[in-house]
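Input: a single structure, listed below in structure tokens.
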Amino acid sequence: MISVQIAKQSFWDIDASGYLFLLDEKLDGLAQIEEHYPNLAAILEKNRFKGKKGQCVELTGERDGTLVQFIFVGLGTQEGTWYDELEYLRRNYACLLQRLKKLKITSAVFAVPDAGIYNIDTPELIKQLTITAHMAFYEFVTFKTDRDEPQNIELHLVTDDAGATQAAALGDIIGRATTHTRHLADLPPNVATPSLMAQEAERIAKEHKLKLTVIEREEALEMGMGGFCAVDAGSDQDGKFLVLEYNAAKGAPTIAVVGKGVTFDSGGLSLKPAANMKGMKYDMSGAAATLSILSVVGQLKPNVNVVGVMPCVENLPSGSSSKQDEIVTFLNGKTAEIDNTDAEGRLILADALVYAEQNYSPDVMIDLATLTGACVVALGHYFTGLMTRDDKLAETLTQIGHKTGDRNWRLPLHDDFMPGIKSDVADIVNTGKRNYGGQSITAGLFLEQFVEKTPWAHLDIAGTADGVPGINYVGKGASAAGVRLMVEYILSYKA
Ligand code: BES
Ligand code: ZN
Ligand code: ZN
């Protein structure tokens, strides 16, 4: 665990065992450090440290007669866009923090850099640094019986900004939320069942005084949630349709967040090949993110209503599972032909979108879903697929993606693809016709059929929710894609 504290005294007055430094390729600021570390320039040169982006060295130095660690990381030339540089800063900073962990250092100091080049103010930067610290320290070790005692690190961020303490507290809540999502998503599918998701929702509801509605499978059937029930049908584990609500003052706008909660996606009767089934415990990442988003909202109490709708099911083949060629009727009366039981996400989300719109008349609706393998092909692991007809909403989400590092890239939701989901026997079909290509887009268009009038965006997190390579503060396993983005979206929402 890392605890971030704001320090108002000067950097060198803080008593710690690790001193952390950022240096660009010009090695700006080195002279100042040399006052406290004689011959530093020469020593760094001997270590071939040139301030190149991501280059990290640790040196042992002395402070008031005790040996301490000095850890340096390079920033490179910092010639990129403000948001790329901000992202590199997160990674370089995480590199410093991870060295602390490796060296088993328990207290460290870091001077908050000038926020100017990152196009954000100092409190925002402090918030980002605090979130990143939590992310950099996350590990999934629950099932390691020989794990080490958890290491506690106290990090002092040096700044004289008046808003610093509040910013760090905010970052702390958001950072913990990313850890919570990652933990849930990393849990194995025998543990993270729909029932566990319901328990977790209950815990959050109790802790933060939110309203929880759990719709059980029988009730969902009676209500006419044919999509949810079709996917749920194959499993011995009962599906849970979860609705978590935060209510602000009367008259506040309402944001609906809808998260795909397939706790394991085997494909159903259209069974996935073994290699593709690996990792399908992560198919509930949208719901896991939604739970944490509501928990943040419950703690921060913004002046917007937020409702999280999480259809949670297992997609398994069995004697009771739904079949190809089946036709299901959704909550709004529309019908779809099941061409492939592995395209299950859109079936449960269809009912969830209708439920959210009918019951809450939200001002805006955003879904988070590990929806299509095609999105991983198209965009890889660094950008969530963003689909919406609303240019303003797209722009807002893109900008927030830049600021938070929870990035997205827009794909077209265009009518030209619509014939790709037309069915001969029902209103629509749950797979896009091959000759239309664009499987992420046809999936998005399928979802759109279940949104009547609410401004809506679909975030396909299939590539970003887990298995992101090469980002040190994200590391292995789940990434909490969508949490930083949606929390910021909610907190900065203007009607
Ligand atoms: N959960 C998968 C999508 C997925 C694939 C997420 C790979 C993460 C990594 C989804 O339910 C699915 O299986 N989609 C199918 C749809 C197809 C049958 C039209 C896909 O993308 O192959
Ligand atoms: Zn599937
Ligand atoms: Zn799925």
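The values are calculated or read from the model by the stated rules, or taken from the named source; none is laboratory data. Here the structure is a predicted model, which means the values were calculated and not measured. For neighbour counting, all protein chains shown are included, and Cβ atoms are generated from backbone atoms with ideal geometry for every residue, glycine included. The protein model used for the area step is the full one, side chains on, heavy atoms only, and it has no ligands, DNA or RNA in it. Shrake-Rupley method; radii C 1.70, N 1.55, O 1.52, S 1.80 Å.
Does the stretch 28-65 hold any residues that are in a loop (DSSP other than H, G, I, E, B), in contact with a strand residue (DSSP E or B) (Cβ under 9 Å, 6 or more places away or on another chain) and open to solvent by less than 80 Å² (accessible area, probe 1.4 Å), and which are they?
Hits for the stretch 28-65 are 29, 36, 37, 47, 49, 51, 54, 55.
Across the stretch 365-404, what is the number of residues that are of a type in the set (Asp, Glu) and touching a Leu at 6+ places or on another chain (Cβ under 8 Å)? Break it down stepwise before answering.
Of the residues in the stretch 365-404, the ones of a type in the set (Asp, Glu) are 367, 390-391, 395.
Restricting the remaining residues to those that are touching a Leu at 6+ places or on another chain (Cβ under 8 Å) gives 367.
Total meeting the criteria: 1.
Go through the stretch 67-113 residue by residue and tally those that are in a strand (DSSP E or B) and either more than 16 Å from residue 16 (Cα to Cα) or free of Cβ contacts under 8 Å to residues at least 24 places away in the same chain (or both).
Going through the stretch 67-113, the residues in a strand (DSSP E or B) turn out to be 67-76, 107-111.
Next, from what is left, pick out any that are either more than 16 Å from residue 16 (Cα to Cα) or free of Cβ contacts under 8 Å to residues at least 24 places away in the same chain (or both): 67, 73-76.
Of the residues in the stretch 67-113, 5 are in a strand (DSSP E or B) and either more than 16 Å from residue 16 (Cα to Cα) or free of Cβ contacts under 8 Å to residues at least 24 places away in the same chain (or both).
Could you run through the stretch 304-336 and say how many residues are within 16 Å of ligand 2 (Cβ to nearest atom), among the charged types (D, E, K, R) and more than 30 Å from the chain's Cα centre (by Cα)?
Adding up the residues that qualify gives 2.
If the requirement is being more than 15 Å from residue 348 (Cα to Cα), modelled with pLDDT of 95 or more and under 20 Å from the mean Cα position of the chain (by Cα), which of these qualifies: 289, 252? Before the answer, list the steps.
On the way: 252 fails: under 20 Å from the mean Cα position of the chain (by Cα).
After applying the criteria, what remains is 289.
Counting just the residues of the stretch 275-302 that are farther than 16 Å from residue 212 by Cα and away from ligand 3 (no atom under 16 Å from the Cβ), which one comes out surrounded by the fewest Cβ atoms within 10 Å (Cβ to Cβ)?
Step by step, filter the stretch 275-302, then rank; the result is 301.
So in the stretch 425-457, with the set limited to residues that are under 22 Å from the mean Cα position of the chain (by Cα) and more than 16 Å from ligand 2 (Cβ to nearest atom), which one is most open to solvent (accessible area, probe 1.4 Å)? Step through it out loud before you land on a result.
Step one: list which residues in the stretch 425-457 are under 22 Å from the mean Cα position of the chain (by Cα), which gives 440-441, 443-444, 447, 455-457.
Checking the rest, the ones that are also more than 16 Å from ligand 2 (Cβ to nearest atom) come to 441, 455-457.
Numbers: 441: 16, 455: 53, 456: 14, 457: 0 Å².
So the residue we want is 455.
Quick one: count up the residues across the stretch 1-27 that are among the hydroxyl-bearing types (Ser, Thr, Tyr) and part of a loop (DSSP other than H, G, I, E, B). Full working, then the answer.
So the first thing to find is which residues in the stretch 1-27 are among the hydroxyl-bearing types (Ser, Thr, Tyr), and the list is 3, 10, 17, 19.
Filter once more, keeping what is part of a loop (DSSP other than H, G, I, E, B): 10, 17.
The total comes to 2.
Specify the residue that is farthest from ligand 2 (Cβ to nearest atom); the eligible residues are those in the stretch 286-303 that are under 18 Å from residue 461 (Cα atoms) and in contact with a Gly (Cβ under 8 Å, 6 or more places away or on another chain). Talk me through it step by step, then tell me what you get.
Let us first name the residues in the stretch 286-303 that are under 18 Å from residue 461 (Cα atoms), namely 286-293.
Now restrict to residues that are in contact with a Gly (Cβ under 8 Å, 6 or more places away or on another chain): 286-291, 293.
Numbers: 286: 13, 287: 15, 288: 17, 289: 18, 290: 19, 291: 21, 293: 23 Å.
Here the residue is 293.
Looking only at helices (runs of 4 or more DSSP H) that lie completely in the stretch 147-229, which have at least 3 residues being open to solvent by less than 40 Å² (accessible area, probe 1.4 Å) and under 30 Å from residue 304 (Cα atoms)?
Numbers: elements: 164-186, 194-208, 217-223.
Per the criteria, 164-186, 194-208.
Just give me the residues in the stretch 303-316 being open to solvent by 10 Å² or more (accessible area, probe 1.4 Å) and not polar (S, T, N, Q), in sequence order. Quick ask: steps written out before the conclusion?
We begin by selecting, within the stretch 303-316, every residue open to solvent by 10 Å² or more (accessible area, probe 1.4 Å); these are 303, 305, 314, 316.
Within the stretch 303-316, 314, 316 qualify.
Could you give me the residue pairs with C-beta distances under 9 Å whose first residue belongs to the stretch 342-365 and is farther than 14 Å from residue 449 by Cα and of a type in the set (Ser, Thr, Tyr), whose second residue is assigned to a helix (DSSP H, G or I) and at pLDDT 95 or above wherever it lies, and which are 6+ apart or on separate chains?
Close Cβ pairs (under 9 Å, with a partner that is assigned to a helix (DSSP H, G or I) and at pLDDT 95 or above) do not exist here.
Could you check, for the stretch 257-274, whether at least one of its residues is in a helix (DSSP H, G or I), over 21 Å from residue 194 (Cα atoms) and within 12 Å of ligand 1 (Cβ to nearest atom)?
Restricting attention to the stretch 257-274, the residues satisfying the condition of being in a helix (DSSP H, G or I) are 274.
Subsequent filtering for residues that are over 21 Å from residue 194 (Cα atoms) retains 274.
Pick out the ones that are also within 12 Å of ligand 1 (Cβ to nearest atom) and you get none.
The answer is no, given that none of the residues of the stretch 257-274 is in a helix (DSSP H, G or I), over 21 Å from residue 194 (Cα atoms) and within 12 Å of ligand 1 (Cβ to nearest atom).
Between a residue in the stretch 254-279 that is farther than 19 Å from residue 235 by Cα and among the small types (Gly, Ala, Ser) and any residue that is at pLDDT 95 or above and near ligand 2 (Cβ under 10 Å from one of its atoms), which pairs come within a Cβ distance under 7 Å, given they are 6 or more apart or on different chains?
none
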